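Chemist: My structure is below; once you've seen it, I'll send some questions.
The values are calculated or read from the model by the stated rules, or taken from the named source; none is laboratory data. All values derive from a computational prediction rather than experimental measurement. Positions of Cβ are backbone-derived with ideal geometry, glycine not excepted, and every protein chain shown enters the neighbour counts. The accessibility values were calculated without ligands, DNA or RNA, using every heavy atom of the protein model including side chains. Shrake-Rupley method; radii C 1.70, N 1.55, O 1.52, S 1.80 Å.
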Amino acid sequence: MIEDTISREIKDFKYKDYYKFRVSYIFESNYLFLFINTIQDSLNKIEKEIRRFKREFFNLIKPNSFDFADEKHLEKIDHLIYLVQNRMPPIITLIGYSGVGKNTIFNLLRSKEISIESQPIISGEEGTLKVGRIYFLLRNFVGDEKIGFLWNNFIRGSDVILLITDSTQKNIENSKSFLSKIEEEVPYAYTAGIGNKQDLENTVDISKIKEVLGLNSYSIIATDPQNREKLVLMISEILEMKNDISPMINMFFEKKRLIEELEKNMKDENYEHLETLFDEIINLSLKLGDNVEPFYKMQLKLKEGIREIESLDLQSTAKIRGVTQESSSKNLSFLETRLKMILKNFMNEIEGVIAITICDREGLIITSEKKGDTEDENVVGAIAASVDSYIDRIKKEFVEQTSFFNITTIGNKKFAYCSMGLKSILLTISDLSSTDTELRVYSEHIAGKIEMLLAGNENVSLQIPDIIKILSKTKDGKIPTGDYSLKLILIGDYEVGKTSLIFRFVENLFKDTYHSTVGVKISKKTIDLAKNTKINFAIWDIGGQITQMTPFRKRFYGGSNAAFIVVDRTRPGSLKSIQKWYDEISRYIGEELNVIIVANKSDLEDKICISEEEIKRIANLLGFHYILTSAKTGENVNELFLYIAYRFLESVA
């Protein structure tokens, strides 16, 4: 069937069910896009995802130019596959009667150290288990027989069923009643028995449990935290993914060991190896796809503390020796350390970047970073020569501009200059493998963060959001020329910051007080995306009074090209409204609209009650991208509007 599709170049969506698998595919422009899912997965969702993957593939790769031997091409596609897997994670369902330990097992898996967030539901809990870059959706349902009539619905759509028993003879026999429900709803699901509470008396041996249930069965003592590794490896074995999961599990537990060693050293005030431990933990976190921000902050505080101690020591030494404080500690300042960290993150994202430097508008170098394998003299010489040769030109051409981007190619090197304010200029030196789009998108994002750091804002995230990584992969040379009009709607509950986001983007200003928008307010701004490409934004700020304004809002939605659903990270209720807002605009616009979830007020760290993992989970379920913003500091605001502009041009190209 696939060969017939290829020979006739049929672009329609096709699928075929084989045993427990559903094989789906589309063939277009000499590329075969093929998904293999379990037979339980929704056909509509598979079709939506495969068409989205195809569209994003062609946005990244020029027709007939994909090279399987090119690591950069493979990295781009790997990121797209990662996003699909996040949106369609395997569903693991825990079932069993009350008192068998389902909650304990669920809590063991949802450990914060394994990056898990849970959301209460009516009859149990649902959460996302993350192991490295692989996501699993966990379902834990109440075992009370009073709601037994709902168990079939709970099981439906599961990829893995874990039938939990308390290892007693009576409970094992009773648990056989679940087998018929599994056979009826998900006959092809991976199913295993779990003998919990094996440390108690009068428990049945695991071989007997396997015999009674007729399932591969595993023993566990869920109250022992040390069994977490065993539990995750057990799931990977059931899913026949052990070879994929094991290396990640090993890295995870190595990270856990290093954290324990770090805590011991800090408790004992043994600072000799702390820097190395922090570096190792951060590197493992990056490989696992975990958030490194807490470790960065701990490392910064530690360095600042050591710097102050050594500074006091130097003052004492100076008094004794009668010398001045001129040769103070070589430790980096808190600000410079953060600047260097954000430059390192930049370099890690673009392989071709050789060195980066930050200087002020007079050409004075503030700090710089280079690739570890780069010769010092060559890099320092290139930076110094570049700054000297271009600073006069920058002063003349950009003296009145608060922001600019310029790129020049000399020989086999690219020199990109960028500024997003009056405090700094970012210079990036790269080889020719880096695309102009990559350099521009990352430079503008990093330069904006640098301006905020230099302005004294300590709540700036050093992480680079996924939306920037995706935006940087836009195909060079494929941006159409001309003037384009884009209607963008901002929706969300009242006082989530819609008006503030627009004011920050249009005027680059922030007001502490706003009046709630009643009805709609329209703002306009034009930006230059390329030399001959302009985007004329018409931004509709739509009032968030859901009940009162519902009958009137539909007239505001017509003709929209994109939508931001804005949530306030300090108000849990706004997160629950995402689905309501999306359902509303879908009724009047359709599902092809570009939608981004905007998690605003990220600067209010002490008040945040909605985690990034919660936002990511909802974004993945709905198939949207998301971004964390602060209208007050301006963090990620320009990037948000720039991203939607590029996405709009891709749809009209």
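Chemist: Scan the range 208-220 residue by residue and report those that are assigned to a loop (DSSP other than H, G, I, E, B) and open to solvent by less than 50 Å² (accessible area, probe 1.4 Å). Working first, answer last.
Modeler: Initially, the range 208-220 is screened for residues assigned to a loop (DSSP other than H, G, I, E, B), giving 214-216, 220.
Selection gives Leu215, Ile220.
Chemist: Quick check on the range 462-482. Is at least one of its residues of a type in the set (Val, Ile, Thr), part of a loop (DSSP other than H, G, I, E, B) and more than 23 Å from the chain's Cα centre (by Cα)? Step through it out loud before you land on a result.
Modeler: Going through the range 462-482, the residues of a type in the set (Val, Ile, Thr) turn out to be 464, 467-468, 470, 474, 479, 481.
Those left that are additionally part of a loop (DSSP other than H, G, I, E, B): 464, 474, 479, 481.
Retained after the next criterion (residues that are more than 23 Å from the chain's Cα centre (by Cα)): 479, 481.
Looking through the range 462-482, at least one residue is of a type in the set (Val, Ile, Thr), part of a loop (DSSP other than H, G, I, E, B) and more than 23 Å from the chain's Cα centre (by Cα).
Chemist: Taking the residues in the range 78-115 that are of a type in the set (Gly, Ala, Ser) and over 29 Å from Glu254 (Cβ atoms) as candidates, determine which candidate is modelled with the highest pLDDT.
Modeler: Within the range 78-115, the first condition is being of a type in the set (Gly, Ala, Ser), and the residues that meet it are 96, 98-99, 101, 111, 115.
Of the ones still in play, those that are also over 29 Å from Glu254 (Cβ atoms) are 96, 98-99.
On the way: Gly96: 91, Ser98: 87, Gly99: 88.
Residue satisfying both the conditions and the ranking: Gly96.
Chemist: Restrict the check to the range 612-626 and report whether at least one residue is of a type in the set (Lys, Arg), out of contact with any helix residue (DSSP H, G or I) (no Cβ under 6 Å at 6 or more places or on another chain) and free of Cβ contacts under 8 Å to residues at least 60 places away in the same chain. Before the answer, list the steps.
Modeler: At the first step, the residues of the range 612-626 found to be of a type in the set (Lys, Arg) are 616-617.
Now restrict to residues that are out of contact with any helix residue (DSSP H, G or I) (no Cβ under 6 Å at 6 or more places or on another chain): 616-617.
Next, only the ones that are free of Cβ contacts under 8 Å to residues at least 60 places away in the same chain stay: none.
For the range 612-626, residues of a type in the set (Lys, Arg), out of contact with any helix residue (DSSP H, G or I) (no Cβ under 6 Å at 6 or more places or on another chain) and free of Cβ contacts under 8 Å to residues at least 60 places away in the same chain: absent.
Chemist: Go over the candidates Ile618, Ile535, Ile597 one by one and state the one that is under 20 Å from the mean Cα position of the chain (by Cα) and open to solvent by less than 20 Å² (accessible area, probe 1.4 Å).
Modeler: Details: Ile618 fails: open to solvent by less than 20 Å² (accessible area, probe 1.4 Å); Ile535 fails: under 20 Å from the mean Cα position of the chain (by Cα).
Being under 20 Å from the mean Cα position of the chain (by Cα) and open to solvent by less than 20 Å² (accessible area, probe 1.4 Å) holds for just one of Ile618, Ile535, Ile597, which is Ile597.
Chemist: Moving on to the next point. Looking at Ser180, Ser236 in this structure, which one is assigned to a helix (DSSP H, G or I) and either within 30 Å of the chain's Cα centre (by Cα) or over 22 Å from Gly99 (Cα atoms) (or both)? First the steps, then the outcome.
Modeler: Values: Ser180 fails: either within 30 Å of the chain's Cα centre (by Cα) or over 22 Å from Gly99 (Cα atoms) (or both).
Being assigned to a helix (DSSP H, G or I) and either within 30 Å of the chain's Cα centre (by Cα) or over 22 Å from Gly99 (Cα atoms) (or both) holds for just one of Ser180, Ser236, which is Ser236.
Chemist: Residues that are assigned to a helix (DSSP H, G or I) and of a type in the set (Asp, Glu): does the range 563-571 have at least one? Before the answer, list the steps.
Modeler: So the first thing to find is which residues in the range 563-571 are assigned to a helix (DSSP H, G or I), and the list is none.
Within the range 563-571, not a single residue is assigned to a helix (DSSP H, G or I) and of a type in the set (Asp, Glu).
Chemist: Would you confirm whether any residue within the range 630-647 is charged (D, E, K, R), modelled with pLDDT under 85 and out of contact with any Leu (no Cβ under 9 Å at 6 or more places or on another chain)?
Modeler: Going residue by residue through the range 630-647, those that are charged (D, E, K, R) are 632, 635, 639, 647.
If we keep only those that are modelled with pLDDT under 85 as well, we get 647.
Within this subset, residues satisfying the condition of being out of contact with any Leu (no Cβ under 9 Å at 6 or more places or on another chain) are none.
Looking through the range 630-647, none of the residues is charged (D, E, K, R), modelled with pLDDT under 85 and out of contact with any Leu (no Cβ under 9 Å at 6 or more places or on another chain).
Chemist: Do the conditions hold for Leu32, that is, is it assigned to a strand (DSSP E or B), surrounded by fewer than 19 Cβ atoms within 10 Å (Cβ to Cβ), out of contact with any Lys or Arg (no Cβ under 9 Å at 6 or more places or on another chain) and hydrophobic (A, V, I, L, M, F, W, C)? Show your work before the answer.
Modeler: Working: assigned to a strand (DSSP E or B): yes; surrounded by fewer than 19 Cβ atoms within 10 Å (Cβ to Cβ): yes; out of contact with any Lys or Arg (no Cβ under 9 Å at 6 or more places or on another chain): yes; hydrophobic (A, V, I, L, M, F, W, C): yes.
Answer is yes for this residue.
Chemist: Right, something else. Using the structure shown, decide if Ile134 is open to solvent by 20 Å² or more (accessible area, probe 1.4 Å) and either at pLDDT 85 or above or among the β-branched types (Val, Ile, Thr) (or both). Lay out the reasoning, then the answer.
Modeler: On the way: open to solvent by 20 Å² or more (accessible area, probe 1.4 Å): yes; either at pLDDT 85 or above or among the β-branched types (Val, Ile, Thr) (or both): yes.
Taking the combined requirement at face value, the residue satisfies it.
Yes/no per residue for (1) acidic (Asp, Glu); (2) at pLDDT below 70; (3) in contact with a Pro (Cβ under 7 Å, 6 or more places away or on another chain):
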residue	(1), (2), (3)
Glu269	yes, no, no
Gln315	no, yes, no
Gln325	no, yes, no
Arg338	no, no, no
Leu364	no, no, no
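Chemist: Please specify each residue of the range 391-403 satisfying the condition of being within 36 Å of the chain's Cα centre (by Cα) and either within 15 Å of Leu364 (Cα to Cα) or at pLDDT 85 or above (or both).
Modeler: Ile394
Chemist: Here is a further query. Sort through Phe564, Phe552, Phe556 and tell me the only one that's at pLDDT 80 or above, of a type in the set (Phe, Trp, Tyr) and farther than 23 Å from Gly623 by Cβ. Don't jump to the end; show me each part of the working.
Modeler: Values: Phe564 fails: farther than 23 Å from Gly623 by Cβ; Phe552 fails: at pLDDT 80 or above.
Of Phe564, Phe552, Phe556, the one residue that is at pLDDT 80 or above, of a type in the set (Phe, Trp, Tyr) and farther than 23 Å from Gly623 by Cβ is Phe556.
Chemist: Sticking with this one: Within the range 426-461, which residues are within 23 Å of the chain's Cα centre (by Cα) and of a type in the set (A, V, I, L, M, F, W, C)?
Modeler: The answer is Leu439, Val441, Ile446, Ala447, Ile450, Met452, Leu453, Val460.
Chemist: Any idea which of Leu284, Leu288, Leu262 is at pLDDT below 70, surrounded by 18 or more Cβ atoms within 10 Å (Cβ to Cβ) and farther than 18 Å from Thr337 by Cα? Can you show your working first?
Modeler: Numbers: Leu284 fails: at pLDDT below 70; Leu262 fails: at pLDDT below 70.
After applying the criteria, what remains is Leu288.
Chemist: Residue under question is Lys534, and the condition is that it be modelled with pLDDT of 85 or more and over 21 Å from Ile596 (Cα atoms); does it hold?
Modeler: Values: modelled with pLDDT of 85 or more: yes; over 21 Å from Ile596 (Cα atoms): yes.
Taking the combined requirement at face value, the residue satisfies it.
Chemist: Take Arg587 and decide whether it is open to solvent by 10 Å² or more (accessible area, probe 1.4 Å) and within 30 Å of Glu451 (Cα to Cα). Steps first, please.
Modeler: On the way: open to solvent by 10 Å² or more (accessible area, probe 1.4 Å): yes; within 30 Å of Glu451 (Cα to Cα): no.
Against the criterion (open to solvent by 10 Å² or more (accessible area, probe 1.4 Å) and within 30 Å of Glu451 (Cα to Cα)), Arg587 does not qualify.
Chemist: Quick one: Ser118 ticks every box in (1) buried (at least 17 other Cβ atoms within 10 Å of the Cβ); (2) assigned to a loop (DSSP other than H, G, I, E, B); (3) at pLDDT below 75 except a single one, so which number is it?
Modeler: Going through the list (1) buried (at least 17 other Cβ atoms within 10 Å of the Cβ); (2) assigned to a loop (DSSP other than H, G, I, E, B); (3) at pLDDT below 75, Ser118 breaks only (2).
Chemist: Let me ask another. May I ask you to verify whether Gly456 is among the small types (Gly, Ala, Ser), open to solvent by less than 20 Å² (accessible area, probe 1.4 Å) and in a loop (DSSP other than H, G, I, E, B)?
Modeler: Numbers: among the small types (Gly, Ala, Ser): yes; open to solvent by less than 20 Å² (accessible area, probe 1.4 Å): no; in a loop (DSSP other than H, G, I, E, B): yes.
The answer is no for Gly456.
Chemist: Then there's this: Could you please find all residues in the range 237-254 being at pLDDT 80 or above and open to solvent by less than 30 Å² (accessible area, probe 1.4 Å)? Reasoning before the result, please.
Modeler: Residues of the range 237-254 at pLDDT 80 or above: 237-238, 254.
Across the range 237-254, the qualifying residue is only Ile238.
Chemist: In the range 419-453, which residue that is touching a residue at least 60 places away in the same chain (Cβ under 8 Å), part of a loop (DSSP other than H, G, I, E, B) and within 16 Å of Leu60 (Cα to Cα) is most open to solvent (accessible area, probe 1.4 Å)? Spell out how you get there, then give the answer.
Modeler: Kept after step one, since they are touching a residue at least 60 places away in the same chain (Cβ under 8 Å), are these residues of the range 419-453: 420, 422-434, 438-439, 441-442, 444-446, 448-450, 452-453.
With part of a loop (DSSP other than H, G, I, E, B) added as a condition, the list becomes 420, 422-424, 432-434.
Keeping just the survivors that are within 16 Å of Leu60 (Cα to Cα) gives 433-434.
Working: Ser433: 56, Ser434: 1 Å².
Out of the qualifying residues, it is Ser433.
Residue by residue, here is whether (1) within 30 Å of Ser577 (Cα to Cα); (2) modelled with pLDDT under 90 holds:
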site: Phe415; (1), (2): no, yes
site: Asp436; (1), (2): no, yes
site: Arg440; (1), (2): no, yes
site: Asn459; (1), (2): yes, yes
site: Asp466; (1), (2): yes, yes
site: Ser472; (1), (2): no, yes
site: Asp476; (1), (2): no, yes
site: Gly482; (1), (2): no, yes
site: Ser485; (1), (2): yes, no
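Chemist: Follow-up question, since we're still on this one. For the range 591-606, indicate whether the set of residues that are within 30 Å of Phe53 (Cβ to Cβ), touching a Ser or Thr at 6+ places or on another chain (Cβ under 6 Å) and not in a strand (DSSP E or B) is non-empty.
Modeler: The first filter runs over the range 591-606 and keeps only residues within 30 Å of Phe53 (Cβ to Cβ), leaving 591-600, 602.
Okay, now just the ones that are also touching a Ser or Thr at 6+ places or on another chain (Cβ under 6 Å), so 598, 600, 602.
Then keep just the ones that are not in a strand (DSSP E or B); that gives 602.
Checked against the condition, which is being within 30 Å of Phe53 (Cβ to Cβ), touching a Ser or Thr at 6+ places or on another chain (Cβ under 6 Å) and not in a strand (DSSP E or B), the range 591-606 yields at least one hit.
Chemist: Being assigned to a loop (DSSP other than H, G, I, E, B) and in contact (Cβ under 8 Å) with a residue 12 or more places away in the chain is the filter here; which residues of the range 188-207 pass it? Break it down into steps so the answer makes sense when it comes.
Modeler: Keep residues of the range 188-207 that are assigned to a loop (DSSP other than H, G, I, E, B), which gives 188-189, 196-205.
Correct list: Tyr188, Ala189, Asn196, Lys197, Gln198, Asp199, Leu200, Asn202, Thr203, Val204.
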